[in-house]
């Protein structure tokens with residue numbers, strides 16, 4: 001079985017689906033037996049969600065207005 | 001096909017939002033630059049459905065070029081130390097909220113969207129761009145590699161280092177901005 005350090009190093013890649021089938025199998029096998037790494041996996045998932053949620057942004061209306069003005073000037 | 005103006009107008013809020021996360025206060029300038037470049041190259045766009053990714057690519061490269069031009073000196077980061085850092089373990093070890101039943105979630109809940117974006121701005125652009133484009137805007141690592149003209153392995157390596165740096169900066173930001181003070185029970 002791979003070590004916790006090896007499993008944790010690849011958890012985001014595991015969530016991204018960018019580990020190959022053999023590595024995925026090793027991580028799956030580790031997670032079945034390691035409660036702490038399951039906690040790390042859940043946390044990595046939440047951290048990704050926190051990052052994704054921060055994409056929502058109220059862009060300033062005045063800046064948008066100026067950028068639209070640029071477009072008007074480029075292509076009247 | 002729609003005119004450049006109509007295609008670009010549809011994308012403006014998204015482009016501005018992305019630029020704000022990539023270059024902060026320089027967002028307006030960089031979107032202006034992106035619009036000018038895109039207008040000059042508009043004859044290269046043959047499929048309107050490709051316009052969002054095409055504009056994103058121009059914007060991301062403009063952001064990268066601007067950040068590079070402004071970098072004062074190469075970043076010196078001890079990646080051996082960063083690689084060993086685990087935010088999950090740090091939170092468990094430091095136990096900032098002793099009365100909490102869900103310590104790790106409570107830690108994350110302390111961060112507003114603005115806080116998360118401020119943490120991202122602490123990262124060198126080389127690592128910030130992949131995190132923003134892939135994890136916030138939903139592009140594939142392969143698509144970002146095409147946008148930047150770098151091998152996929154380069155983007156995957158930057159994503160890996162970027163995630164680890166993001167974890168270390170989340171903790172430092174929390175310490176420096178008073179997010180670890182638990183309210184009195």
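Between helix B:51-70 and chain B there is an angle of about 60 degrees, using the helix long axis and the longest principal axis of the Cα atoms. Relative contact order for region B:4-70: 40 percent, from Cα pairs under 8 Å spaced at least 6 residues apart, divided by residue count. Contact order, relative form, for chain B: 25 percent (alpha carbon pairs under 8 Å, 6 or more residues apart, mean separation divided by residue count).
Taking the Cβ-Cβ separation of residue A:49 and residue A:6 as r and a Förster radius of 35 Å, what is the calculated FRET efficiency to the nearest 0.05? Once rounded, the FRET efficiency stands at 0.90.
If R0 is taken as 25 Å, the Cβ-Cβ distance between residue B:36 and residue A:61 corresponds to a FRET efficiency of 0.70.
The angle between the Cα long axis of helix A:61-74 and the longest principal axis of the Cα atoms of chain A comes to about 60 degrees, rounded to the nearest 10. Calculated mean residue ellipticity, 222 nm, chain B: -21000 deg cm²/dmol, from DSSP H runs (n ≥ 4) at -39500 (n - 2.57) each, averaged per residue and rounded to 500.
Please determine, in degrees from 0 to 90 and to the nearest 10, the orientation of helix A:35-53 with respect to the longest principal axis defined by the Cα atoms of chain A, where the helix direction is its Cα long axis. It is inclined by approximately 10 degrees.
When the Cα centres of region B:113-157 and region A:1-51 are compared, how far apart do they sit, in Å? Comparing the Cα centres of region B:113-157 and region A:1-51, I get a distance of 21 Å.
Ordered by the count of other Cβ atoms within 10 Å of each Cβ, fewest first, B:62, B:86, B:112 give B:112, B:86, B:62. What distance in nm separates the simple spin-label points at residue B:6 and residue B:83, each placed 7 Å from Cα in the Cβ direction? Label-label distance for residue B:6 and residue B:83, simple model: 5.3 nm. Taking 0.36 nm per residue of separation and subtracting the current Cα-Cα distance, fully stretching the chain between residue B:69 and residue B:180 would add 36.4 nm. For the residues of B:77-89, the average number of beta carbons from a partner chain within 10 Å of their own beta carbon is 3. Look at B:39, B:107, B:97 and count the other Cβ atoms within 10 Å of each Cβ; fewest to most, that gives B:39, B:97, B:107. Taking 0.36 nm per residue of separation and subtracting the Cα-Cα distance, full extension of the segment from residue B:142 to residue B:172 would add 7.7 nm. I need the shape label for chain B. Rule: rounded when a/c is under 1.5, else prolate if a/b > b/c, else oblate, with a, b, c from the alpha carbon gyration tensor. Prolate shape, in that a/c is at least 1.5 and a/b is the bigger ratio. I need the calculated FRET efficiency for the pair residue B:48 and residue A:20, taking r as the beta carbon distance and R₀ as 41 Å, to the nearest 0.05. The pair residue B:48/residue A:20 has a calculated efficiency of 0.65.
Exposure proxy ranking for B:33, B:167, based on other Cβ atoms within 10 angstrom of each Cβ and starting from the fewest, stands as B:33, B:167.
Where a number appears in this text, it was derived from the coordinates with a stated rule and is not lab data. A quick note: this is a predicted structure, and the numbers were derived from the prediction, not measured. Cβ coordinates were reconstructed from backbone atoms using ideal geometry, including for glycine residues, and neighbour counts include every protein chain displayed.
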